[in-house]
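Below is one structure, written out as structure tokens; comments come after it.
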């Protein structure tokens, strides 16, 4: 459990949380029709900053993405007395595509952006980037909860941000997921999402201990205002292990995430469930089924995509903040775009603003790669799960010696593969893993590398199968740069504009963890983090903190990176927890 | 028609990365989807839509039409014959 110290939303609807909240209470929307935008052949509807807003938000020496992150974090910080330079303060950045427009330069790399933002804010610790597709914003907050509760840091600045561009919109259009009309979450007439852009910040602190506060703020009877004083109680992340793009029809992963989050919690305390509600046909349908199966059919739903569009990396942060504000006022904001339910799961959604009671809410997100996250927020503090567990990593070290993989030390089992061996992942797949998984050839290089390493890890450790709660936690530096270059070539080739849907999917690096989950039927947590470098201590810290608070006992974890088809590296271990 | 079917098999194999399947391995009349087929999924349908546009100049704006068109290699070939831009 961690406490909200301050928030900010920087969006086309305003530059502070208060401005945003007032705007949407007044019925404003950022959505507008974009015709001929970025020379895209198809018209779409999106929530974008205007050119005037962009000019006023721009910062010299920074990309627009970095500028809105800095402005959002700085405005949130201005309401606190945090010593950001402390070694106990950390920046966690949530984004799906970050500076993808800078592809081909050093600025492309997400950890580069995070470091530049952290430096500008005056922070001194290494920032962590969460690239977990559409659930990134909640994954980032869960990471903050774990790192703070685990005692690794005292304060976390969680920034979620997305800036739209031709690359992202063309990709979602190739998946036939974008609507040319304002989106209609859960509605009978819904026909797709609207891309949106924003930056949103929540500054969290660990309750009871706040040495970073130069002046102690009163914790007792703290007045809730614009999110301040709320608690992130707990949350859970679960994978469908069904398909990388299509959600489980029964909502299995989301249901499991909700159940793990709500364990021991009284449903009647919930003022609302803040849904993902992107307005895609299958996404909303799946979410409604999971909500009914979780026994939440009578809790009023909040759906905010009709105001901002799908702000992707920002969504989990932005929508949590707005829901805090609305719950403080005892209301559920009218779900703009919704008129008549068009989902099979029984839900409680009203087209107009309604009153609600309760001092807590549940926030849900689901995304490509089969990931689903639920997070529980409350105005009253409650203790989180105990942290008595000890993490053991029985790492394995296996070296490639003259074409044969051999165990070097049975107590420390790590599988390491790299391009230095001269073998491609396809060579390893053909020669050493038994094959029989044709989908392997559809994967990009990053996923192939992680996939064969996981196969070898299973083989070398003599693991026939993994428990279905096993998590898959991967780290990398280069994100999905190879697939990003490939996808860019499909939309900027001299031969024409033919965005490839199957390439676009792999521009989300967390597809790697999704593929491993599907292969081994793993329904546990799946997350992809981007770090500035292969910092083993930091990786261990994140996995340890996640295992302590993540309610799972085993994980496949490690480093995977592919800079191009011939320059890759992967090092995986099985992490275990013992009590 | 047979030439078009053979060309299509090669192009489909390449576009969908069906590495472990030789073009001659899939029957022109065998279903491409479902358990009896070669295991294509919803993303493959979208990729086939791109293939039709890129290779044959045929634009399929409604993916729902794809269900009938992409039933077998032969049904795709027939659709191309009917709609190919001269």
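The values are calculated or read from the model by the stated rules, or taken from the named source; none is laboratory data. Just so you know, these numbers come straight off a predicted model, no measurement behind them. As a convention, Cβ positions derive from the backbone with ideal geometry for all residues, glycine included, and neighbour counts pool all protein chains shown.
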Revision key, fill the gap. Within region A:233-253, residues touching a helix residue (DSSP H, G or I) at 6+ places or on another chain (Cβ under 7 Å) and in a strand (DSSP E or B) come out as A:234, A:235, A:236, A:237, A:238, A:239
Point to revise | helices (runs of 4 or more DSSP H) wholly inside region B:8-86 containing at least 2 residues that are within 13 Å of chain A (Cβ to nearest Cβ) and either out of contact with any strand residue (DSSP E or B) (no Cβ under 9 Å at 6 or more places or on another chain) or at pLDDT 80 or above (or both) | key: B:42-56
Check your understanding: Conditions: (1) assigned to a loop (DSSP other than H, G, I, E, B); (2) under 30 Å from residue A:95 (Cα atoms); (3) touching a strand residue (DSSP E or B) at 6+ places or on another chain (Cβ under 8 Å); (4) at pLDDT 95 or above. Residue A:376 meets all but one. Number of the miss?
Key -> (1)
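Here is a check on your reading of the model: is residue A:85 part of a helix (DSSP H, G or I), out of contact with any strand residue (DSSP E or B) (no Cβ under 8 Å at 6 or more places or on another chain) and modelled with pLDDT of 95 or more?
When the stated conditions are applied, residue A:85 does not pass them.
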Exercise for review: Restricting attention to helices (runs of 4 or more DSSP H) lying wholly within region A:419-507, give those where 1 or more residues are touching a residue at least 40 places away in the same chain (Cβ under 8 Å) and under 23 Å from the mean Cα position of the chain (by Cα).
Suggested key: A:445-460, A:481-491, A:501-505
Exercise for review: Any chance you could count how many residues in region A:254-278 are surrounded by 24 or more Cβ atoms within 10 Å (Cβ to Cβ) and either within 14 Å of chain B (Cβ to nearest Cβ) or part of a loop (DSSP other than H, G, I, E, B) (or both)?
Suggested key: 4
Review point. Quick one: residue A:513 ticks every box in (1) crowded, with 24+ Cβ neighbours inside 10 Å; (2) within 14 Å of chain B (Cβ to nearest Cβ) bar one, so which box is it?
Key: (2)
Review point. From A:382, A:281, which residue is over 16 Å from the mean Cα position of the chain (by Cα), surrounded by fewer than 24 Cβ atoms within 10 Å (Cβ to Cβ) and closer than 30 Å to residue A:98 by Cβ?
Key: A:281
Review point. If only one of A:10, A:43 is modelled with pLDDT of 95 or more, touching a strand residue (DSSP E or B) at 6+ places or on another chain (Cβ under 8 Å) and surrounded by fewer than 19 Cβ atoms within 10 Å (Cβ to Cβ), which one is it?
Key: A:43
Point to revise | Criterion (within 30 Å of residue A:333 (Cβ to Cβ) and touching a helix residue (DSSP H, G or I) at 6+ places or on another chain (Cβ under 7 Å)) met by exactly one of A:56, A:94 | key: A:94
Exercise for review: Return a yes/no flag: does region A:70-81 have any residue that is crowded, with 20+ Cβ neighbours inside 10 Å and closer than 30 Å to residue A:181 by Cα.
Suggested key: yes
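Yes or no, residue by residue, for (1) at pLDDT below 95; (2) out of contact with any strand residue (DSSP E or B) (no Cβ under 7 Å at 6 or more places or on another chain):
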residue: A:426; (1), (2): yes, yes
residue: A:437; (1), (2): yes, yes
residue: A:445; (1), (2): no, no
residue: A:448; (1), (2): no, yes
residue: A:460; (1), (2): yes, no
residue: A:471; (1), (2): yes, no
residue: A:478; (1), (2): no, no
residue: A:484; (1), (2): no, yes
residue: A:516; (1), (2): no, no
Revision key, fill the gap. Checking A:502, A:493, A:483 in turn, the sole residue that is over 24 Å from residue A:243 (Cα atoms) and within 14 Å of chain B (Cβ to nearest Cβ) turns out to be A:493
Practice item. Tell me, please, whether a residue that is free of Cβ contacts under 8 Å to residues at least 40 places away in the same chain and closer than 19 Å to residue A:161 by Cα can be found in region A:11-28. Key: yes
Practice item. Provide a single number: the residues in region A:165-176 that are within 12 Å of chain B (Cβ to nearest Cβ) and more than 19 Å from the chain's Cα centre (by Cα). Key: 5
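What number of residues in region A:102-127 are crowded, with 19+ Cβ neighbours inside 10 Å and in contact with a helix residue (DSSP H, G or I) (Cβ under 7 Å, 6 or more places away or on another chain)?
Total meeting the criteria: 7.
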Review point. Under the condition of being touching a strand residue (DSSP E or B) at 6+ places or on another chain (Cβ under 9 Å) and within 14 Å of chain B (Cβ to nearest Cβ), which residue from region A:180-194 is farthest from residue B:47 (Cα to Cα)?
Key: A:180
Practice item. Please tell me if residue A:526 is closer than 17 Å to residue A:373 by Cα and surrounded by 24 or more Cβ atoms within 10 Å (Cβ to Cβ). Key: yes
Check your understanding: Within the set of pairs 6 or more residues apart or between chains, which connect a residue that is on the phi > 0 side of the Ramachandran plot and buried (at least 24 other Cβ atoms within 10 Å of the Cβ) inside region A:134-155 to a residue that is modelled with pLDDT under 95 and not in a helix (DSSP H, G or I) with Cβ atoms less than 8 Å apart?
Key -> none
Exercise for review: Being part of a strand (DSSP E or B) and farther than 30 Å from residue A:521 by Cβ narrows it down to one of A:362, A:301, A:318, so name that one.
Suggested key: A:301
Check your understanding: If a residue has to be surrounded by fewer than 24 Cβ atoms within 10 Å (Cβ to Cβ) and away from chain B (no Cβ under 13 Å) to count, how many in region A:435-450 make the cut?
Key -> 0
Study note, to complete from the structure: Taking region A:422-434 and keeping residues away from every other protein chain (no Cβ under 13 Å) and surrounded by 14 or more Cβ atoms within 10 Å (Cβ to Cβ) leaves A:423, A:428, A:432, A:433
